[in-house]
Structures are given as structure tokens and as C-alpha cells.
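Student: My structure is below; once you've seen it, I'll send some questions.
Quick note: the coordinates plus some simple rules give every number you see, no bench work behind them. All values reported here derive from a predicted model rather than from experimental measurement. Don't worry about glycine lacking a Cβ; one is built from the backbone with ideal geometry, like all the others, and counts go over all protein chains shown.
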Amino acid sequence: MNKKTIFSTPRLLLGVLAILSVSSLLLFTRREPKIQLNPYQALGMVAAEETIKLMGDQGQIVVASQDSREFEMPALAAQLKAFQTAARKKAKVRVEVEKITMDAMTMMAAGGRMPAEKFFEMFQKHPKAGAIVLFMGFPLLRDRDFDALKQRVPRLVVVAGYRDDYQQLLERRLIDLVIVPRLDALPETARKPQTLREWFDQEYVIIAPEKASALPR
């Protein structure tokens with residue numbers, strides 16, 4: 001090995017290390033895109049207000065949401081925090097959050113809906129709840145499950161993406177209220193919302209049983 005090779009190898013190594021150091025610095029200092037949380041905060045706030053209208057201003061509200069301890073979900077966290085903050089304004093309303101844990105296979109099988117067995121477990125666990133709010137899709141149920149659901153006491157609110165079967169569930173009064181992203185396009189003349197209520201009105205729609213007939217099948 002000649003002298004040129006001996007002395008150039010350390011220089012090459014130092015150069016590579018320098019490049020790696022700069023790359024690492026850029027990687028760790030790069031900022032992730034900031035999520036606009038106002039729409040999610042608005043959703044949580046209005047969901048709480050509408051739930052309290054249904055059940056009255058006293059009693060227990062049980063909220064079901066996906067367990068986010070393993071995967072960070074800023075949007076869901078914002079919804080739940082806003083829901084609890086709005087509910088606390090009523091001194092006699094209590095909120096309990098049930099975290100629904102699902103593995104990857106269960107999540108794929110459920111397709112974003114709450115698993116039916118966990119849904120009924122929650123009903124059995126909270127028989128005196130005034131309302132149950134699902135921050136996830138309503139479960140797919142068998143015909144015989146609907147008979148059991150008719151005997152329920154709590155009001156049932158679904159805060160999630162729209163599903164075709166919601167129309168029938170609303171018409172049969174198996175769901176008391178659905179809050180979903182708006183089903184039509186936002187007008188081009190729409191201005192940027194200034195308040196959380198304006199954010200809600202721009203992004204979401206509240207569907208009660210009496211309005212279910214107008215929904216797409």
C-alpha cells in the first residue's frame with residue numbers, strides 16, 4: 001500500500017462522517033407539517049353540546065375511541081379534549097372515556113368500525129349511562145343484535161365518517177344522532193372560519209333521525 005492510499009483513507013472517512021452528521025442534523029431538526037386542529041376541536045365541542053341536549057344536563061356520558069397509546073393521534077386527542085372541556089361546563093355531567101384496543105388484524109376486519117363485541121361489553125359495563133358517544137364507526141351488527149339494542153337506555157351518538165347503513169339505523173331510531181363530515185362540496189365563496197362553531201358549520205353536518213330520509217343510500 002503506498003503513502004497516498006494511507007493518507008487519503010482517513011480523509012475519506014472523515015468526509016463521510018461529516019456528511020452523515022449533517023444529514024442526521026437535518027433529519028432531527030426538520031419540522032413536521034403542523035396539523036390544523038381547529039376543525040377537530042370544533043367537532044369535539046359541538047359533539048358534547050349536542051349529546052347534552054339529547055340526554056339532559058346531568059348524568060354520565062361514556063365516550064368510546066380507539067386506544068392511541070401506541071400510535072399518536074393528534075386529531076383524535078384534540079376531539080376528546082374539546083369534548084371533555086365542553087361537557088365540564090355542565091357541573092352535573094360526568095364523562096368517562098373508554099379506550100378501545102385493537103390489533104392490526106382487528107382493525108382491518110372492522111374497517112374503522114367499533115368491534116361488535118366491544119360495543120356490547122361497553123353497554124353492559126355502563127348500564128346507567130345517559131349517553132354513549134362513539135368516536136369511531138358504528139359496529140356491523142347481526143339482526144338479532146338489533147333487538148338487544150332496542151332495549152337500551154342510553155342515547156347513542158356516532159361521531160365518525162358517514163356509512164351507508166346509518167340512514168336505516170337512524171330511521172329505526174337505533175342511533176339518536178350522527179355527526180359526520182359534510183356530504184356536499186364547500187362553496188368557493190366560503191371564508192376562513194373565525195370561531196370553533198364556524199369551523200364546525202363549514203366542515204361537518206349533524207344528522208338526526210327525522211333528516212335521515214334525505215341521506216344518500
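Student: List the residues whose amide H sits under 5 Å from the amide H of Gln66, counting only those 5 or more places along or on another chain, with H placed 1.01 Å from N in the peptide plane.
Tutor: Correct list: Ile100.
Student: When a footprinting reagent is the concern and you count Cβ atoms within 10 Å, what order do Glu117, Glu98 take, fewest first?
Tutor: Ordered from fewest to most neighbouring Cβ atoms within 10 Å, Glu117, Glu98 come out as Glu117, Glu98.
Student: Considering only DSSP beta bridges whose two residues both sit in the range 89-217, what percent are antiparallel, to the nearest 5?
Tutor: Working: 4 of 12 bridges.
Antiparallel bridges make up about 35 percent of those DSSP assigns within the range 89-217.
Student: Further, regarding this structure: Please tell me which of these pairs span more than 27 angstrom C-alpha to C-alpha: Lys90/Lys192; Lys53/Lys150; Lys92/Lys125? Numbers along the way, then the final one.
Tutor: Values: Lys90/Lys192 30 Å; Lys53/Lys150 21 Å; Lys92/Lys125 20 Å.
Violating the 27 Å limit, Cα to Cα: Lys90/Lys192.
Student: Describe numerically, in nm with one decimal, the distance between label points set 7 Å from Cα along Cα→Cβ at Thr106 and at Gln194.
Tutor: 4.6
Student: Hey, another quick one. Which aspartates and glutamates have a Cα lying under 12 Å from the Cα of Lys89, excluding residues fewer than 8 positions away in the same chain?
Tutor: Lys89 reaches Glu49, Asp57.
Student: How many angstrom lie between the Cα centre of the range 116-170 and the Cα centre of the range 175-192?
Tutor: 23
Student: List the residues of the range 201-216 whose backbone N lies under 16 Å from a point placed 7 Å from the Cα of Lys89 along the Cα-to-Cβ direction.
Tutor: 201
Student: What ranking of Ile179, Ile35 emerges when the number of other C-beta atoms within 10 Å of each C-beta is taken as an exposure proxy, fewest first?
Tutor: Details: Ile179 21, Ile35 11.
Going from least to most buried by this count: Ile35, Ile179.
Student: Treat the count of other C-beta atoms within 10 Å as a stand-in for reagent exposure and order Ser213, Ser65 from fewest to most.
Tutor: Values: Ser213 9, Ser65 21.
The most exposed by this proxy come first: Ser213, Ser65.
Student: Now, a different point. Quick one: Karplus J couplings for the range 82-98, per residue in order, coefficients 6.51, -1.76, 1.60, θ = phi - 60°, nearest Hz, x for Gly and Pro?
Tutor: Each residue's phi maps through the Karplus curve to give 5, 4, 5, 5, 5, 5, 5, 5, 9, 4, 9, 9, 10, 10, 10, 9, 9 Hz.
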